[in-house]
Amino acid sequence: MPTCALCGARKAKRACPGVARDICPACCGTKRLVEIACPSVCPYLSAARTHPAAVVRRQQDRDLRFLLPRIRDLSEAQYRVFLFVQAVVLQHARQAVPAPLDADVADAAATVAATLETAGKGIIYAHHATTVPAERLAAEITRAVADLARRAGADAGRVERDTAMALRRLEGVARDAQAEVPDQSQGGPASSWIALATRVTSAAAAAQTPEPEADKPRIVL
């Protein structure tokens, strides 16, 4: 029996339409909708939506036990900003070369938060990150936040305060993830928060994606 096309270690027992190769059940369960763009007609995807594998449920439980206590006291507005900035970070991480690590995410979040906090005191001063990947990510977050504040109009000051709070919380989860929820795949423990945020985002998207009509298959991204 051939080995898995993704991990190269375990036996390939499932034909994966997402990668058009055979993979092992473990990779199917843990990389579904994370690394694999699963077609909605995949029988394993349909079965997982109805009956998630135990390993996936345990991972989801660990992710939420780590994340929820750290963000549950955010206001609704701050939580929305947290999700917005998280999406900006994940999109940047997928495209950046080299990709940022958790330490870079924490550094970038702290840098932008410090700049906003300083501006809130009436002092215009741009703080700078300590690494090139973090500086690039900070610039991306700054552009996104500036656009958010610009669209808020008269509420720009409140948006900036909420954003500073959300960024401080993002800094904290990115710094703590390596110790609390170490990830052994992709970038390893140094990218534990990035892996966790990707899993949580993918799971939320999958839960909100309606099942397609039988005669209209489509790709779930």
Over all alpha-carbon pairs of the stretch 99-185, lay out the pair-distance distribution in 10 Å bins, whole %, shortest bin first.
19, 47, 26, 7, 1
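If Rh is defined by the Kirkwood formula over all Cα pairs and Rg also comes from Cα, what ratio Rg/Rh do you get for the chain? Don't skip to the answer; put the middle values down first.
Working: Rg = 19.4 Å, Rh = 18.9 Å.
Value, to two decimals: 1.02.
Relative contact order for the chain: what is it in percent, counting Cα pairs under 8 Å that are at least 6 residues apart? Working shown, then result.
Values: 259 pairs, mean separation 52.8, N = 221.
Normalised by residue count, the contact order of the chain is 24 percent.
Exposure proxy check: Asp104, Asp183, Asp73, Asp176 ranked by fewest other beta carbons within 10 Å?
Numbers: Asp104 28, Asp183 21, Asp73 10, Asp176 17.
Final ranking by Cβ density, sparse to dense: Asp73, Asp176, Asp183, Asp104.
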What is the angle, in °, between the Cα long axis of helix 54-71 and the longest principal axis of the Cα atoms in the chain? Nearest 10 is fine, range 0 to 90.
10
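Enumerate by residue number the trypsin sites (Lys or Arg not before Pro) in the stretch 50-159 meeting two conditions: DSSP loop (anything except H, G, I, E, B), and at most 16 other Cβ atoms within 10 Å of the site's Cβ.
Numbers: sites: Arg57, Arg58, Arg62, Arg65, Arg70, Arg72, Arg80, Arg94, Lys121, Arg136, Arg143, Arg150, Arg151, Arg158; in loops: Arg72, Lys121.
Passing sites in the stretch 50-159 are Arg72, Lys121.
Any idea what the dipole of the chain comes to, in debye rounded to 20, about its Cα centre with Lys/Arg Cβ at +1 and Asp/Glu Cβ at -1?
Details: 29 positive and 23 negative charges, 133 e Å.
So the dipole magnitude of the chain works out to roughly 640 debye.
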In the neighbourhood of Leu74 defined by beta carbon distances under 13 Å, the net charge of the other residues (Lys, Arg +1; Asp, Glu -1) is +3
Here the gain from full extension of Glu135 to Met1, 0.36 nm per residue of separation minus their alpha-carbon distance, amounts to 43.6 nm
Treat each spin label as a single point 7 Å out from the Cα along the C-beta direction, and report the Arg151 to Glu35 distance in nm.
3.3
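Read-outs throughout are calculated quantities, based only on the coordinates presented, and are distinct from any laboratory measurement. None of the values given here were measured: they were computed from a predicted structure. In this analysis, Cβ positions are derived from the backbone assuming ideal geometry, glycine residues included, and neighbour counts consider all displayed protein chains.
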